[in-house]
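S.K.: Submitted below is the structure of interest, expressed as structure tokens.
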Amino acid sequence: MAETRAQLFLQQAAAVGFDADDEIRIGGNYQALVRDGNLLYVSGQVPRIGSEVVVKGAVGGEIDLAAAQHGARIAVLRCLALLQRELGSLEQIARMLTMTVYVRSAAGFAQQSEVADAASELLLQVMGDAGRHARTSVGVAELPKGAAVEIALQARANS
């Protein structure tokens with residue numbers, strides 16, 4: 001019997017130490033997720049576990065590519081947790097549409113797409129073909145709370 005998306009999600013979350021039931025707090029006057037019909041827009045998520053941003057610093061400076069990829073996995077798991085809470089089940093997601101990955105980059109660091117690959121691969125592992133998405137990866141000077149990576153995504157729910 002094939003594993004469900006929920007099971008795969010929980011396995012990936014356990015692998016990085018993320019508790020899928022943890023509160024996902026927002027730090028301002030916005031919503032973590034907005035639903036418009038079948039479209040779901042998830043606000044940028046940083047690699048926070050509990051109340052701590054666990055992957056901080058400029059990639060290619062204070063931290064390396066592997067650490068940034070770890071942060072990307074945590075950030076996209078937070079996105080999936082928000083989608084699961086909104087829909088009741090990841091099985092209700094018809095398709096991931098777009099993902100934007102912001103990478104806090106040291107001067108000369110040009111592997112933003114490799115950081116984003118970690119999140120893209122996780123989406124495919126959990127969601128199968130429904131996890132395929134369009135993507136943008138961008139290097140930036142700073143991110144909230146000193147995070148190394150921030151991920152926003154959009155998805156479409158089943159009708």
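The values are calculated or read from the model by the stated rules, or taken from the named source; none is laboratory data. Since we're looking at a predicted model, the values are computed, not measured. FYI the Cβ positions are ideal-geometry reconstructions off the backbone, even for glycines, and counts take in every protein chain you see. Areas reflect the complete protein model, heavy atoms only, side chains present, ligands, DNA and RNA absent. Shrake-Rupley method; radii C 1.70, N 1.55, O 1.52, S 1.80 Å.
S.K.: Examine the stretch 42-53 for a residue that is farther than 19 Å from Met99 by Cα, of a type outside the set (D, E, K, R) and in contact with a strand residue (DSSP E or B) (Cβ under 8 Å, 6 or more places away or on another chain), and state whether such a residue exists. Before you say what the answer is, go through the steps one by one.
M.R.: Of the residues in the stretch 42-53, the ones farther than 19 Å from Met99 by Cα are 49-53.
Add one more test, that the residue is of a type outside the set (D, E, K, R), and what stays is 49-51, 53.
After this cut, where a residue has to be in contact with a strand residue (DSSP E or B) (Cβ under 8 Å, 6 or more places away or on another chain) as well, the list is 53.
Looking for residues that are farther than 19 Å from Met99 by Cα, of a type outside the set (D, E, K, R) and in contact with a strand residue (DSSP E or B) (Cβ under 8 Å, 6 or more places away or on another chain), one finds at least one in the stretch 42-53, hence yes.
S.K.: What strands (runs of 3 or more DSSP E) completely inside the stretch 91-159 contain at least 2 residues that are of a type in the set (Gly, Ala, Ser)? Full working, then the answer.
M.R.: Numbers: elements: 93-104, 134-140, 149-157.
Hits in the stretch 91-159: 134-140, 149-157.
S.K.: Counting just the residues of the stretch 84-99 that are touching a strand residue (DSSP E or B) at 6+ places or on another chain (Cβ under 6 Å) and open to solvent by less than 10 Å² (accessible area, probe 1.4 Å), which one comes out farthest from Pro144 (Cα to Cα)?
M.R.: Only one residue tops the list, namely Ile93.
S.K.: Looking at the stretch 62-82, can you tell me whether even one residue there is over 14 Å from Ala157 (Cβ atoms), free of Cβ contacts under 8 Å to residues at least 24 places away in the same chain and under 15 Å from the mean Cα position of the chain (by Cα)?
M.R.: No, the conditions are met nowhere in the stretch 62-82.
S.K.: Within the stretch 77-107, can you find the residues that are of a type in the set (Ser, Thr, Tyr) and in contact with a Gly (Cβ under 9 Å, 6 or more places away or on another chain)?
M.R.: First, the residues of the stretch 77-107 that are of a type in the set (Ser, Thr, Tyr): 89, 98, 100, 102, 105.
Passing the criteria: Thr100, Tyr102, Ser105.
S.K.: Could you please give the count of residues in the stretch 1-53 that are surrounded by 11 or more Cβ atoms within 10 Å (Cβ to Cβ) and small (Gly, Ala, Ser)?
M.R.: 10
S.K.: Could you tell me how many of the residues in the stretch 54-76 are out of contact with any Ser or Thr (no Cβ under 9 Å at 6 or more places or on another chain) and open to solvent by 20 Å² or more (accessible area, probe 1.4 Å)?
M.R.: 11
S.K.: Output the residue which, of all residues in the stretch 5-44 that are in a loop (DSSP other than H, G, I, E, B) and among the polar types (S, T, N, Q), is farthest from Ala67 (Cα to Cα). Please lay out each step first, then the result.
M.R.: We begin by selecting, within the stretch 5-44, every residue in a loop (DSSP other than H, G, I, E, B); these are 17-32, 37-38.
Add one more test, that the residue is among the polar types (S, T, N, Q), and what stays is 29, 31, 38.
Values: Asn29: 30, Gln31: 28, Asn38: 34 Å.
Once the filter is applied, the top-ranked residue is Asn38.
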